[in-house]
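Trainee: Pasting a structure here, questions to come.
The values are calculated or read from the model by the stated rules, or taken from the named source; none is laboratory data. Every value quoted in this text rests on a predicted model; they were computed, and no experiment measured them. Every residue, glycine as well, gets a Cβ built from its backbone with ideal geometry; the counts of neighbours run over all protein chains shown.
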Amino acid sequence: MTLIMFLAFVVATLGITIWSAKKNTGSSAYFAAGRSIKGWQNGLAVAGDYMSAASFLGISGMIAFFGYDGFMYSVGFLVAYLTVLFVVAEPLRNAGKYTMADLLAYRLKARPVRAAASLSTLTVSTFYMVAQMVGAGLLVSTLLKDYAWITPNIAIAGVGCLMIVYVVFGGMHGTTWVQIVKAILLMTATFILSFMVMQKFDFSFVRFFDAISAITYTDPKTGGEVTRNFLDPGMKFGMQVSQWGPLDLISLGLALVLGTAGLPHILVRFYTVPDAKTARVSVIWAMIIIGVFYILTTFLGFGAATLLGPDAISNQNMAAPELSQFLGGDIFFAFISAVAFATILAVVAGLTISASTSFAHDFYTNVLNHGKEIAPHKEVRIARIAAFVVGAVSIVLAIQLQKINVAFLVGLAFAIAASANLPVIIFSIFWKRFNTTGAVAGILTGLGSSILLIVMSPSVMKNLMGMDAWFPLDNPGIVSIPLGFLGAYVGSLFGREPEAEAKFAEFSVRAHTGLGAEKASDH
């Protein structure tokens with residue numbers, strides 16, 4: 001049954017890809033879906049891009065194992081959209097064409113800025129993609145365990161190949177509709193699962209939260225059974241777990257709240273709509289859908305903790321699927337698992353197209369080719385080749401990092417996005433003195449410091465290498481985000497750039513009013 005449902009989704013999405021391939025008649029169609037997506041459709045697609053395997057599998061598992069502290073991931077993911085709505089969505093749509101770098105290159109020197117932005121986009125997309133594919137490998141191999149040849153490595157490679165097919169043939173149009181279908185399926189599955197959890201408690205919130213306040217599990221340190229209130233904070237980020245716990249929580253919160261506004265696969269979604277007003281409408285739709293979803297993760301995570309118990313869950317990432325099997329049997333388990341699979345495929349496709357678009361449009365056309373106009377079909381072909389390369393690199397990395405929680409991996413992607421991308425976006429929109437040196441310095445400082453601190457963190461040095469960590473926090477955001485802003489600020493003080501300052505007034509008018517945006521972006 002699971003295999004049939006998996007195949008049904010794959011066939012349906014491949015059908016969407018074939019249908020979309022006929023519409024890809026130029027670079028605007030391939031990279032931005034011809035700017036024809038309506039507000040509510042883009043809202044669903046943004047939500048589909050955002051509600052990833054980290055949300056459905058990782059956060060549910062975090063809540064099931066760490067209670068209140070796990071729920072902090074949900075809060076951070078939701079609040080982040082306020083930054084997107086009030087700071088980024090409208091200026092990005094008005095000033096750009098296909099990628100984040102378009103906004104930066106509007107008044108700065110194109111080649112250095114696009115080279116740095118392309119590097120950052122590829123890095124963030126790869127980190128995020130690895131998280132999804134780790135989830136895919138675990139999910140598919142667990143569900144299809146009756147087929148001995150389907151190992152996690154085979155599952156990861158299979159998902160990678162499917163994703164490449166979606167992007168190479170479907171482009172942004174196909175990816176958008178895969179996201180819309182996935183968002184509807186995921187919300188339906190989450191509502192049904194939440195309803196079934198509450199049914200076990202006779203729809204009484206009092207009984208539900210009473211059960212959460214007394215959960216028995218095996219203490220990993222002592223090996224003895226303990227009963228604990230999962231509504232109390234501190235199980236993951238408390239001082240008794242680590243002296244750095246509270247600081248780690250602040251660092252994670254900063255990365256989640258500020259990182260969304262710098263995520264390349266979210267930013268490119270605003271180029272698929274016809275104007276800035278529709279971009280704002282799509283963010284509001286997305287916030288409603290995402291808000292409801294993250295509230296419902298409470299029932300998924302705490303439902304697994306109370307009805308199954310942390311000890312009975314085979315793997316942190318499998319809390320929601322195993323809860324569905326307990327509540328609805330094998331058929332419902334197959335449905336929930338197929339939805340989780342759909343979630344992974346859709347998000348990975350969105351990440352791949354943002355990475356390949358950035359490489360083709362920013363790096364190849366504007367850096368290697370010095371901004372000289374090339375035939376649209378050639379730019380699309382370069383993007384398709386880049387999709388193959390990005391997919392192959394992600395498959396290799398995902399196979400190496402299979403044992404790490406997917407929500408944690410995504411937290412790292414958010415930290416890199418908040419450190420490297422957000423500072424230069426904000427300075428470019430609001431600071432007249434900002435220049436090319438500042439943009440390149442900000443991106444490279446944020447990118448370099450976040451990756452270096454991740455490598456020196458307990459998660460990598462202690463858990464993967466068996467060494468003492470040089471940096472005490474799991475998430476680098478609290479250090480790397482200020483460093484990204486500082487790098488961009490200090491870099492801008494090294495010399496003036498009169499051309500950039502002269503263009504600031506024109507840029508501000510266009511970014512905040514949309515005057516001249518439509519004609520230029522569709523040129």
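Trainee: Restricted to the stretch 458-477, and to residues that are polar (S, T, N, Q) and within 21 Å of the chain's Cα centre (by Cα), which residue is surrounded by the fewest Cβ atoms within 10 Å (Cβ to Cβ)?
Mentor: Ser459
Trainee: Could I ask something else about it? Just to be sure, is Ile353 surrounded by fewer than 24 Cβ atoms within 10 Å (Cβ to Cβ) and within 26 Å of the chain's Cα centre (by Cα)?
Mentor: So Ile353 does not fit the description; no.
Trainee: Could you list, in sequence order, the residues of the stretch 306-320 that are farther than 15 Å from Tyr73 by Cβ, assigned to a helix (DSSP H, G or I) and hydrophobic (A, V, I, L, M, F, W, C)?
Mentor: Leu307, Ala312, Met318
Trainee: Moving on to the next point. Name the single residue that is nearest to the chain's Cα centre (by Cα) among those in the stretch 234-259 being among the β-branched types (Val, Ile, Thr) and part of a helix (DSSP H, G or I).
Mentor: Top of the filtered list is Val257.
Trainee: If you don't mind, another one. Going by the conditions given, is Phe230 within 21 Å of Phe293 (Cα to Cα) and without any contact (Cβ under 8 Å) to a residue 40 or more places away in the chain?
Mentor: So Phe230 fails the test.
Trainee: While we're looking at this one, here's another question. Which residue is nearest to Ile250 (Cα to Cα), if the candidates are limited to the stretch 31-51 and must be at pLDDT 80 or above and among the polar types (S, T, N, Q)?
Mentor: Filtering first and then ranking leaves Asn42.
Trainee: Could you check how many residues of the stretch 282-304 are β-branched (Val, Ile, Thr) and closer than 21 Å to Lys38 by Cβ?
Mentor: Total satisfying the criteria: 6.
Trainee: Among the residues in the stretch 378-396, are any surrounded by 15 or more Cβ atoms within 10 Å (Cβ to Cβ), over 26 Å from Asn153 (Cα atoms), under 17 Å from the mean Cα position of the chain (by Cα) and at pLDDT 80 or above?
Mentor: Checking the stretch 378-396: not a single residue is surrounded by 15 or more Cβ atoms within 10 Å (Cβ to Cβ), over 26 Å from Asn153 (Cα atoms), under 17 Å from the mean Cα position of the chain (by Cα) and at pLDDT 80 or above.
Trainee: Consider only pairs whose beta carbons are under 7 Å apart and that are at least six residues apart or on different chains; among these, list those whose first residue lies in the stretch 255-268 and is more than 13 Å from Val424 (Cα to Cα) and whose second residue is in a helix (DSSP H, G or I) and charged (D, E, K, R).
Mentor: His265/Asp49; Ile266/Asp49
Trainee: Among the residues of the stretch 211-233, what is the count of those that are more than 15 Å from Gly303 (Cα to Cα) and touching an Asp or Glu at 6+ places or on another chain (Cβ under 7 Å)?
Mentor: Of the residues in that region, 3 qualify.
Trainee: Okay, moving on. Write out, first by first residue and then by second, each pair whose Cβ atoms fall under 6 Å of each other, whose residues are 6+ apart or on separate chains, and whose first residue, in the stretch 327-348, is in contact (Cβ under 8 Å) with a residue 60 or more places away in the chain while the second is among the β-branched types (Val, Ile, Thr) and surrounded by fewer than 24 Cβ atoms within 10 Å (Cβ to Cβ).
Mentor: Ala334/Thr2; Ser337/Thr2
Trainee: For the stretch 189-233, which positions are aliphatic (A, V, I, L, M) and assigned to a loop (DSSP other than H, G, I, E, B)?
Mentor: Listed by number, the residues that qualify are Ala214, Leu231.
Trainee: Any residue in the stretch 274-296 that is hydrophobic (A, V, I, L, M, F, W, C), under 30 Å from Arg111 (Cα atoms) and either modelled with pLDDT under 80 or buried (at least 24 other Cβ atoms within 10 Å of the Cβ) (or both)?
Mentor: Checking the stretch 274-296: at least one residue is hydrophobic (A, V, I, L, M, F, W, C), under 30 Å from Arg111 (Cα atoms) and either modelled with pLDDT under 80 or buried (at least 24 other Cβ atoms within 10 Å of the Cβ) (or both).
Trainee: Specify the residue that is modelled with the highest pLDDT; the eligible residues are those in the stretch 140-179 that are among the β-branched types (Val, Ile, Thr) and not in a helix (DSSP H, G or I).
Mentor: By that ranking, first place goes to Thr151.
Trainee: From Gly495, Gly446, which residue is modelled with pLDDT of 85 or more and not basic (Lys, Arg)?
Mentor: Going through Gly495, Gly446 in turn, just one is modelled with pLDDT of 85 or more and not basic (Lys, Arg): Gly446.
Trainee: Another question, if that's okay. Are there helices (runs of 4 or more DSSP H) fully within the stretch 58-121 with at least 1 residues that are closer than 30 Å to Met318 by Cα? List them.
Mentor: Hits in the stretch 58-121: 60-66, 68-83.
Trainee: While we're on this one: What number of residues within the stretch 52-83 satisfy the criterion of being modelled with pLDDT under 80, under 17 Å from Ile284 (Cβ atoms) and either touching a Cys at 6+ places or on another chain (Cβ under 6 Å) or not small (Gly, Ala, Ser) (or both)?
Mentor: 5
Trainee: When you go through Leu327, Leu323, Leu296, Leu351 one by one, which is the residue that is in contact with a His (Cβ under 7 Å, 6 or more places away or on another chain) and part of a helix (DSSP H, G or I)?
Mentor: Leu351
Trainee: Any idea which of Ile429, Ile382, Ile425 is part of a helix (DSSP H, G or I) and within 23 Å of Ile478 (Cβ to Cβ)?
Mentor: From the options Ile429, Ile382, Ile425, the qualifying one is Ile425.
Trainee: What do you reckon, is Ala342 touching a strand residue (DSSP E or B) at 6+ places or on another chain (Cβ under 9 Å), among the small types (Gly, Ala, Ser) and assigned to a helix (DSSP H, G or I)?
Mentor: No: the conditions fail for Ala342.
Trainee: Could you pull out the residue among Met100, Met129 that is surrounded by 24 or more Cβ atoms within 10 Å (Cβ to Cβ), over 13 Å from Ser428 (Cβ atoms) and of a type outside the set (D, E, K, R)?
Mentor: Met129
Trainee: A further question on this structure: Exactly one of (1) crowded, with 19+ Cβ neighbours inside 10 Å; (2) out of contact with any His (no Cβ under 9 Å at 6 or more places or on another chain) is unmet by Lys109. Its number?
Mentor: (1)
Trainee: Further question on the same structure: Would you check if there is a residue in the stretch 397-420 being surrounded by fewer than 24 Cβ atoms within 10 Å (Cβ to Cβ), β-branched (Val, Ile, Thr) and either without any contact (Cβ under 8 Å) to a residue 40 or more places away in the chain or more than 22 Å from Gly137 (Cα to Cα) (or both)?
Mentor: No; the residues of the stretch 397-420 include none that is surrounded by fewer than 24 Cβ atoms within 10 Å (Cβ to Cβ), β-branched (Val, Ile, Thr) and either without any contact (Cβ under 8 Å) to a residue 40 or more places away in the chain or more than 22 Å from Gly137 (Cα to Cα) (or both).
Trainee: Being assigned to a helix (DSSP H, G or I) and of a type outside the set (Ser, Thr, Tyr) is the filter here, so list the residues in the stretch 354-378 that pass it.
Mentor: Of everything in the stretch 354-378, those that are assigned to a helix (DSSP H, G or I) and of a type outside the set (Ser, Thr, Tyr) turn out to be Ala355, Phe359, Ala360, His361, Asp362, Phe363, Asn366, Val367, Leu368, Pro376, His377, Lys378.
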